[in-house]
1. Take Arg140 and decide whether it is in a loop (DSSP other than H, G, I, E, B), modelled with pLDDT under 60 and not hydrophobic (A, V, I, L, M, F, W, C).
2. Considering only the stretch 166-275, give the helices (runs of 4 or more DSSP H) lying wholly within it that have at least 3 residues that are open to solvent by less than 20 Å² (accessible area, probe 1.4 Å) and closer than 29 Å to Glu72 by Cα.
3. Condition (residue is more than 30 Å from Leu309 (Cα to Cα) and either in a helix (DSSP H, G or I) or in contact (Cβ under 8 Å) with a residue 40 or more places away in the chain (or both)) applied to the stretch 44-57: is it met by at least one residue?
4. For the stretch 145-157, check the following and say yes or no: at least one residue is farther than 18 Å from Val473 by Cβ, open to solvent by less than 40 Å² (accessible area, probe 1.4 Å), at pLDDT 90 or above and out of contact with any Lys or Arg (no Cβ under 7 Å at 6 or more places or on another chain).
5. Name the residues in the stretch 357-366 that are more than 23 Å from Asn81 (Cβ to Cβ), touching a helix residue (DSSP H, G or I) at 6+ places or on another chain (Cβ under 6 Å) and either in a strand (DSSP E or B) or touching a residue at least 60 places away in the same chain (Cβ under 8 Å) (or both), would you?
6. If only one of Ala469, Ala456, Ala488, Ala475 is open to solvent by less than 40 Å² (accessible area, probe 1.4 Å) and closer than 25 Å to Ser260 by Cα, which one is it?
7. Enumerate the helices (runs of 4 or more DSSP H) found wholly within the stretch 390-459, keeping only those where 3 or more residues are not small (Gly, Ala, Ser).
8. Has the stretch 369-386 got any residue that is β-branched (Val, Ile, Thr), out of contact with any Gly (no Cβ under 7 Å at 6 or more places or on another chain) and not in a strand (DSSP E or B)?
Amino acid sequence: MVGAGGARSLQEILRQRQGSEFVGRSLQCSVFRTNLQLPPVDRKFVFGLHGQAGIGKTFLLRQLREISLQHEALVAVTDDNESNLVAAMGAIARQLAGQGGETRGFAQRLAEYERRHDDVLSDPQAPSEARELVMSTAIRFGLGVVRMAAPGLGPVADAVPPERLQAWMEQCRGYFARKFGSQADVRLLLSPVEELTPFLVEDLRKLAQHRQLVMLFDNYERTSEVIEQWLLRMLQGHYGELPVALVLGIAGQHPLDPNSWGEYSSITVTWRLDPFTSEEARTLLNRRGVRDPGLVDVVLELSGGLPLLVATLAESGHDAHDPTAMAVARFLNWVPDQQRREDAVLAALPRGLDEDILIALGAEEGTADLFRWLRDRPFVHENQGRLQYHQVVRETMVRYERGRAPRRFRLRHQTLAEHFHRSRQELALPGESAWYDWEWRALLVEEFYHRLCWAAHRWLPDAMEHCAAACGVDAGTAQSWFDMFAEAARDSAVSIVVTFVRDLQRFVRPSGELDLNGLQKYLIGRLEQDSTGRAASTRARTWVATDAGAATSGGGAWSFGEQEGRGSNYRGKQDHFGTDLSESVPPVIGE
């Protein structure tokens, strides 16, 4: 049924109204719209958007989606909500199907893969290698590139020395062959991306005979570590010829690496999104009803032209005295309950949020209600059940809380460090298997983010040791530590961390990639400067290898779980975790 104004759904009405409020980026929208109308010989097929957090990349991507739908194209949008390449392809297929573009061949093969995948995990006789292989497809974006020697194995393959990798794969191959009796199923489980993508490409070719296709990839700074090679292999024709009716849009904080994308420059448009001009910002404020000249000037100064911050600060008309306090007040506009306002500020301390973390912060009573309330805030988005503040908003709230109560700020981070340490221990992963597990690695990073915000002088050597070990796992794992250090420096403002992060910048290549070998050697050298760190640096040195993740000694991955409590760098660690971290800390939420 077609409603008023020709709209066919509530979502379409919402998109139309959001589009009418859209300010700026008119050039980009016009170019994209015109491009869809050009003949293939004159068309651009890759649009790369980049710019800092809060610059409006996601909003512009939504506009490109709306423009595509207006031209009756089939559109799919993915971001870091999809946990891996198989999940991303499934999300693309579902979105196209929802618009009338069924990918029947791919959907059938994907269903077969999911059945075989579940069969392996439910089989008590399955060898551990086979379980880890199929579970590796659940590794989140950014934790490792799929090694071509073992497509589908991902970070697990990176953690296995080359001399063991072939035996590992043969064990899995033999088990799959015995269980399923089909070489097609064996290939599907060993290399799901390689097996599934040709089916997707073939279905795209069929759909492109009748409709244009637009595939948009958001948060590329988080997903590129895994998804980039897949996209490039598609453009190379590795999975079959792509249709000329396909357009790709890629949005991230960094421009596409010319070393990888240079050969496609003739079909690529690159857009760097800059902050709003004064005129654009004033237009947005006017549309939001902010017309007082003094308030407009304050918002322009405070926001720096960042579209998200301009829009958020426009939501209230409070007088401005302290800019940071004003920004927090604007983010929490229309929240009459003072306690809820306090809850929102303090819940910004962790980098991600779930109900368990709220309980750790002291919100035992009413945790579920508070979580639902936070989920509905305009500056919070949900990712697979977890909440995350927008970066610009979170930075402002953390700075505000650190300034008004420095000691409480440190104690809160101590409490959160204890929570993540306890969560990591509860996984009960023995020995080397800990470093194979993405959840264990993620908990370790969060634990040390809070340790650095709590007591940086005490915990920085341990953090350096773990980062050195992470350099031997894969680029994504090392990058997660690098990013954590940067956020800890910004959020704690502790000089020793700020200086350390400044020193680390030398290991960022012009392409944005990390020099893992140089970073690892630097960290080991720093540890060796302190006599208490020599045992730790010796352990970390086992990660220096000719190939990423191939240990030079010991025949396997070094595990933090194995070494905890041993060696000179861990003297008294049990006391730290058993006594210091259990200090009485007053509840945070609802106190």
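1. Working: in a loop (DSSP other than H, G, I, E, B): yes; modelled with pLDDT under 60: yes; not hydrophobic (A, V, I, L, M, F, W, C): yes.
Yes, satisfied.
2. Counting at least 3 such residues, we get 192-207, 220-235.
3. Step one: of the stretch 44-57, the residues more than 30 Å from Leu309 (Cα to Cα) are 44-45.
Going one step further and asking which of them are either in a helix (DSSP H, G or I) or in contact (Cβ under 8 Å) with a residue 40 or more places away in the chain (or both), we end up with 44-45.
Checked the stretch 44-57: at least one residue is more than 30 Å from Leu309 (Cα to Cα) and either in a helix (DSSP H, G or I) or in contact (Cβ under 8 Å) with a residue 40 or more places away in the chain (or both).
4. Checked against the condition, which is being farther than 18 Å from Val473 by Cβ, open to solvent by less than 40 Å² (accessible area, probe 1.4 Å), at pLDDT 90 or above and out of contact with any Lys or Arg (no Cβ under 7 Å at 6 or more places or on another chain), the stretch 145-157 yields no hits at all.
5. Here is the first cut: in the stretch 357-366, the residues more than 23 Å from Asn81 (Cβ to Cβ) are 359-366.
Cutting the leftovers down to touching a helix residue (DSSP H, G or I) at 6+ places or on another chain (Cβ under 6 Å) gives us 359-360, 363.
Selection gives Ala363 alone.
6. Working: Ala469 fails: closer than 25 Å to Ser260 by Cα; Ala456 fails: closer than 25 Å to Ser260 by Cα; Ala488 fails: closer than 25 Å to Ser260 by Cα.
When all the criteria are applied, what remains is Ala475.
7. Values: elements: 391-404, 406-426, 433-436.
In the stretch 390-459, the matching helices (runs of 4 or more DSSP H) lie at 391-404, 406-426.
8. If we filter the stretch 369-386 for residues that are β-branched (Val, Ile, Thr), which is where we start, we get 380.
Subset that is out of contact with any Gly (no Cβ under 7 Å at 6 or more places or on another chain): 380.
Retained after the next criterion (residues that are not in a strand (DSSP E or B)): none.
Scanning the stretch 369-386, I find no residue that is β-branched (Val, Ile, Thr), out of contact with any Gly (no Cβ under 7 Å at 6 or more places or on another chain) and not in a strand (DSSP E or B), so the answer is no.
The values are calculated or read from the model by the stated rules, or taken from the named source; none is laboratory data. Because the structure is a prediction, the values reported are computed rather than measured. Every residue, glycine among them, receives a Cβ derived from its backbone with ideal geometry; neighbour counts consider all protein chains shown. Keep in mind that these areas ignore ligands, DNA and RNA; they rest on the heavy atoms of the full protein, side chains included. Shrake-Rupley method; radii C 1.70, N 1.55, O 1.52, S 1.80 Å.
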